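Working notes, beginning with the structure itself.
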Amino acid sequence: MISKFNFFYLLIFILFISCSKKIDQKSTLNENNLETQMIEVYKEGMKEFEKGDVIYAGRKFSEAELLFPQSIWAPRAVLMSAYGYFSQGYYSNAINDLERFLARYKNHPQTVYAYYLLALCHYDQIIDEKKDMNEIIQAEKYFNIIIKNFPNTDYAKDSKFKLEYINELMASKEMYLARYYVKREKWIPAIKRFQNVINNYDTTIFVEEALHRLVELNYKIGLVDEAEMYAKLLGYNYQSSRWYEASYRLINKDYEIKRISSKKEKNKILKNFRKLFK
């Protein structure tokens, strides 16, 4: 027979198990109910997005995320909200969503997409390299993150392409500042800017002119050896360019005479050659 003491503890144990089951059932029901509500709100957001009302859609996606942030639908909702804002040019809203996504959902399978969209938000706001430096710097930062951490993706390939354009912009800004200093006859700051172009943006279209300007400015202030060094560098890499020809003229004062002399010699040879057929 079961003693009164043992019976009491057995009753408590049964009640505890029963309550635990009810709590678990209630918790599961609540979670299922929340996820169902979340999916419904997410679908509402998608409908509004398809209609083109990205502001209301964004609110619905945010509401869906708040309802059940542990669900797999939560990060999707954030990305959809960000993409909606981005597609209509609401870049600040998109950036806020994407930064929250990257902070809250680390190591998510769509992390690379979030970085790419974040980079595009800054990239698409670049209009003038003289005014939009912050956007250029931020876009460059996120494109480099993609190339470094996700090198074998299509996003990395496109990031490299867009970085080439950013490098052109950065080089253009350096050239603009260098010319500004040249006009004011501030030779040393100008030289430093042109050096920045050849040191940091040597794949851009501005490098040939920057080399010529370094020849020109160093020659002007009496640094002939430095001028000749840049002229040789220009000649070695860009001998057929007009900038090399301009530098060659500067270093070799009798350049035009040599060209004329060479032309006369060429005509003389041609005349002698014609005589053979007379």
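Just so you know, all these numbers are worked out from the coordinates, no wet-lab data involved. On a predicted model such as this, the values are computed, not experimentally measured, just so you know. Because the Cβ atoms are built from the backbone with ideal geometry, glycine has one as well, and the counts that use them run over all protein chains shown.
Sort the range 109-192 into rounded, prolate or oblate with this rule: let a ≥ b ≥ c be the square roots of the eigenvalues of the Cα gyration tensor; rounded if a/c is under 1.5, and if a/c is not under 1.5, prolate when a/b is larger than b/c, oblate otherwise.
prolate
Residues with beta-carbon under 10 Å from that of ALA77, excluding ALA77: net charge, scoring Lys, Arg +1 and Asp, Glu -1?
My count for the surroundings of ALA77 gives -1.
In the range 59-163, if every C-alpha pair distance is counted and binned at 5 Å from zero, what percent goes to each bin?
Calculated P(r), rounded to whole percents: 2, 14, 23, 22, 20, 11, 6, 2, 0.
Measure up LYS183/LYS220; LYS130/LYS220; LYS106/LYS162; LYS148/LYS192; LYS173/LYS220 against 18 Å on the Cα-Cα distance and list the ones that go over.
As for pairs spanning more than 18 Å Cα to Cα, those are LYS130/LYS220; LYS106/LYS162; LYS148/LYS192; LYS173/LYS220.
State log₁₀ I(q)/I(0) for the range 140-233 at q = 0.18, 0.22 Å⁻¹ as given by the Debye formula over alpha-carbon point scatterers of equal weight, solvent excluded.
Here the Debye-derived log intensity ratios amount to -0.77, -0.97.
Can you compute 3J(HN,Hα) from phi for each residue in the range 190-205, using the Karplus curve 6.51 cos²θ - 1.76 cosθ + 1.60 with θ = phi - 60°, rounded to whole Hz and x for Gly and Pro?
5, 4, 4, 5, 5, 5, 4, 5, 6, 7, 10, 9, 6, 9, 8, 6
Return ASP128, ASP97, ASP53 ranked ascending by Cβ neighbour count within 10 Å, so the fewest neighbours appear first.
Ascending Cβ contact count within 10 Å gives the list ASP128, ASP53, ASP97.
Taking neighbour counts of Cβ atoms within 10 Å as a proxy for exposure, in what order, fewest first, do ILE39, ILE221 appear?
Lowest count first: ILE221, ILE39.
When you take every Cα atom in the range 41-119, what is the radius of gyration, and what is Dmax, the widest Cα pair distance, in Å?
In Å, with Rg to one decimal and Dmax whole: 11.3, 32.
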